[in-house]
Amino acid sequence: MVERVRVLVIGGGAVGCSCLYHLTQLGWTDAVLLEQNELTSGSTWHAAGNCPTFATSWGLLKLQQYSAALYRRLSAEPDYPINYHVTGSVRLAHTAERMNEYRHVSGLAHANGLPYEILTPVELRQRHPFVELDDLEGALWDPYDGDIDPAQLTQALAAGARKRGARVQRFTKVTGLAQRPNGEWHVTTDKGDYLAEVVINAAGYRAGEVMSLLGRTLPIVTLSHQYLVTEDIPEFVERAQRVPLLRDPDVSYYLRQERSGLILGPYEHQATPMWLDGIPEDFAHKLWDDALDRLETYIEAACKRVPVLASAGIKRVVNGPIPYSPDGLPYVGPAHGLANFFQCNTFSFGIAQAGGAGKALAEWVVNGGPEWDLWSIDPRRFTGYATRTYTVAKAVETYQQEYAPSFPDEERPAARPLRTSPLHYELEHRGARFGVRGGWERALWYDPTGDSQQTLTFRRDRGWMAHVAAEVHAVRNAVGLMDLPGFSKFLITGPGAEAYLDGLVCSRLPKPQRISLAYVLNTAGGIVSEFTLTRLGPQQFYAVSAAIAEHHDDDVLRRSLPADGSVQIEGLSERFGTLVLAGPRSREVLSRVTRADLSNGAFPWLSAQTIEIGSAAVWALRVNYVGELGWELHAPVEYMPGIHRALLEAGAQHDLRHFGLYAMDSLRIDKGYRGWKSDLESGYSPLESSLERFVDFTKRDFVGKDALLAQKSRGVARRLVPLTLDEAGDADPPYCSSVFSGENRVGLVTSGVWSHTLDRAVVLAYVESTFAIEGNQLQVDVLGQRRPATVGREPLFDRENLRPRS
Ligand SMILES: Cc1cc2nc3c(=O)[nH]c(=O)nc-3n(C[C@H](O)[C@H](O)[C@H](O)COP(=O)(O)OP(=O)(O)OC[C@H]3O[C@@H](n4cnc5c(N)ncnc54)[C@H](O)[C@@H]3O)c2cc1C
């Protein structure tokens, strides 16, 4: 017999049970959770249960903050007692840079109502009386940190879901998955079959096995992760109050009270990947033998830091499986290309994140998206390049640096280069220093002298400033050339293409041979996708978006395709490359390699043509992201070296210079050009993003129209504006720095860089509308210091926008 159910969750760990709990909270009570063993028998039962709210990303901070609040609520309910100790935590800092990180995260926390505190060493001692202070710069205090019993938490979530009608089916293993033509999921188990509208993969470290039932791979690897538990410590036995959780990230361990002893857990500098040839079927509720030798250096360091630890013997060691993705973040959201199939797995902090992740996943299922933009944990951030070898290499690297400071601009070396432009080695020869976007190597900056070193710091001068300044100068005053491999590119054709796109985007479609920006919104009016849309023919559109958006935007485009086959979508992301030629002399350079008429009359701004460069046919788009006269040149990758060579030769007498992403970032902010998932995200509408000119309210309908109209009529509460900082200082405002008016927090920075054109720090920030007035004097928090800033009017540079049209 086949049982019908609306939603089926695979996996009964903390995360699966939280999904079930939150689905029922949103009214989806026709829900079943299948667990192949006992609840918690994967990674959950043995987790240390630490629940930090600390995160360097806005979305994760919110998610963990929600978890902590939920756990406080649940543990106060008499029905399901949970041991949850909110002890607060101290994070130690051995360096000034670590303190900078804490100042930044503290700002993020304050903006979310979390009263983090920066502590001096003396204040640290007052919070944690057993810590030695030598060589410490200070610490960060998180009052809501603590530890929870993971099994009790899981049971409480399952019980809460059951109470509202959901079912939990233990000892039922999912063995097959198939989607029927009507979209329903046929789920085979060892105890019978189900038909489900929606399936959620919450199978923990076995989530990859579940995907293999569909013939798919998931970038996931299991690592061995350990902690040890000590015997009682006399000083703790005598104390009524628990000591706060202590993290010493610069050494890479945590230390927290467990009964009257301590738990010591490191993120080892030498990670140990496991099960590379598959997970043993019978591994459930099990641990590996301990590997105490791997812990010695951390024990030694921790005993020096908290000497009472040295007096206690080791009671037991836990060595258990922890799943890791390449960037160490989980997968929460839709699986690419699979309707009504969601991932909620690969958690390395699954106890701290279960609450918020379950909420977000339930919102994906029920509402079509979560309350907070959670792109950083969207499963579609990785595409096919994330092979097994890549995943292991990156996961090992991430684990080993789990506690490292999250420096801006850090580009880690493992598994590189992987996806490269055909120009990669030539550019490297010319001094390119690369970073990775969507798996693609892209030049960040050029070091023509070969003797500059990039430094990791929160301060402005990271070793490349002078070179980037020269690149910006070249683009503003002569001509610059940039290789941009890996843009997401889609060719949308067919008799229904115009009508389909018109219903999808909120913007007016371009006329043939013209280019415009087009936005896809969600029903709440938030920005989902941004495309540069070029109309190559009456029913032929070329949509280009961020490199990392490939699977995300592919889903956005395909999920609303008409069923009648009148529209076809072809992905060109890997087949086409892009060169950007920009600057006042770009016309002179381009005209030397093409016979096309490049005059303003024949080839105006925001128009597109097929031109020939040498013998290669190129789609030339008169548009760029730096605000200058210029062209984006798109062509199949095999033509790129020839096109590049031709442009270099033609540019030699015009001081043509290569430029990289850092220069582009400085240039684009002068012009107020927004970045997807930094300045634009689903939490902001185009009205808030000051992009109203790209919304065509005269259209009969588009997704999000009602919400935008409602927002318009009640008034837009905040707006994206540029601000210039009045004093140079030695650091630029990091992402999510707060904007103040006096003591009031009135805004949030989404991009902050040094403008080499305006010779000052410039930010884009969402500011409460009453303050978003040109000339207003505000302050921006930069690593704990308030710096005076002035609201500008965009664009800050070339106000009449004459240069791109010149
Ligand atoms: C030593 C150690 C300490 C840790 N400490 C912490 C900590 O302090 N704080 C923190 O936040 N995190 C910690 N973690 C990580 C944490 O344990 C995990 O992130 C979390 O338990 C993941 O929960 P989950 O529900 O996603 O997965 P799991 O708990 O692994 O649950 C997945 C479930 O799916 C079931 N399943 C799998 N395949 C199938 C199938 N085909 N059919 C049916 N059921 C299936 C499994 O049996 C399992 O019960 C620690 C991990 C380790 C190893």
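Over the chain, the alpha carbon radius of gyration divided by the compact-protein estimate 2.2 N^0.38 Å works out to 0.97.
Among residues other than Pro143 with Cβ under 11 Å from its Cβ, the summed charge is -2 (Lys and Arg +1, Asp and Glu -1).
Between the amide H of Tyr253 and those of Asp248, Tyr267, distances stay under 5 Å, these residues lying 5 or more places away or on another chain, with hydrogens modeled in the peptide plane. Need the C-alpha centroid separation for the range 96-141 versus the range 510-580, integer Å. When both Cα centres are located, 46 Å separates them. When a/c reaches 1.5 or more, the comparison of a/b and b/c decides; with that in mind, is the range 10-59 rounded, prolate or oblate per its Cα gyration tensor? Oblate. The stretch between Val237 and Asn477, if pulled fully straight at 0.36 nm per residue, gains 79.3 nm over its current Cα-Cα span.
Could you work out the mean projected area of the convex hull around the alpha carbons of the range 474-630, in square nanometres to one decimal?
With the hull built on Cα positions only, its mean projection is 9.7 nm².
Relative contact order, whole percent, for the range 596-747 stands at 12, derived from Cα pairs under 8 Å and 6 or more residues apart. If you plug the beta carbon distance of Arg786 and Asp190 into 1/(1 + (r/R0)^6) with R0 = 51 Å, you get a FRET efficiency near 0.25. As a ratio to 2.2 N^0.38 Å, the alpha-carbon radius of gyration computed for the range 345-391 takes the value 1.31. Working from label points 7 Å from Cα in the Cα-to-Cβ sense, the Ser741 to Arg514 distance is 3.8 nm. Here the simple spin-label model places points 7 Å from the Cα toward Cβ, and for Ser713 and Arg558 these points are separated by 3.9 nm. For Lys671, a cut-off of 13 angstrom between C-alpha atoms picks up these aspartates and glutamates, skipping any fewer than 8 places away in its own chain: Glu628, Glu794, Asp798, Glu800. In the structure displayed, which of Lys359/Lys712; Lys394/Lys489; Lys489/Lys705; Lys163/Lys359 lie more than 20 Å apart, Cα to Cα? Flagged as over cut-off: Lys359/Lys712; Lys394/Lys489; Lys489/Lys705. The stretch between Leu572 and Glu300 holds 92.5 nm of extra length on full extension. This uses 0.36 nm per residue minus the Cα-Cα distance.
Would you calculate the volume per residue, in Å³, of the smallest convex hull containing every Cα atom of the range 359-509?
Expressed per residue, the convex hull around the Cα atoms of the range 359-509 is 222 Å³.
Expressed to the nearest 5 percent, the antiparallel share of DSSP beta bridges inside the chain is 85 percent.
Only helical DSSP H runs with n ≥ 4 go in: add -39500 (n - 2.57) per run for the chain, normalise by residue count and round the 222 nm mean residue ellipticity to 500 deg cm²/dmol. The per-residue figure over the chain is -7500 deg cm²/dmol.
Computed with a 1.4 Å probe on the full set of protein chains, the accessible area for Ile82 sits at about 20 Å².
Between Ile773 and Leu276, the modelled label-to-label distance comes to 6.4 nm, taking each label 7 Å out from Cα in the direction of the beta carbon.
Rounded to the nearest 20, the size of the Cβ-charge dipole of the range 50-116 about its Cα centre is 140 debye, with Lys and Arg at +1 and Asp and Glu at -1.
Taking all protein chains together and rolling a 1.4 Å probe, Glu426 ends up with roughly 50 Å² accessible.
3J(HN,Hα) along the range 722-729: x, 10, 10, 8, 7, 10, 5, x Hz, from the Karplus curve 6.51 cos²θ - 1.76 cosθ + 1.60 with θ = phi - 60°, whole Hz, x for Gly and Pro.
The values are calculated or read from the model by the stated rules, or taken from the named source; none is laboratory data. A quick note: this is a predicted structure, and the numbers were derived from the prediction, not measured. Virtual Cβ from ideal backbone geometry, glycine too; neighbours counted across all protein chains shown. Remember, those area values only see protein heavy atoms, side chains included, never the ligands or the DNA or RNA. Shrake-Rupley method; radii C 1.70, N 1.55, O 1.52, S 1.80 Å.
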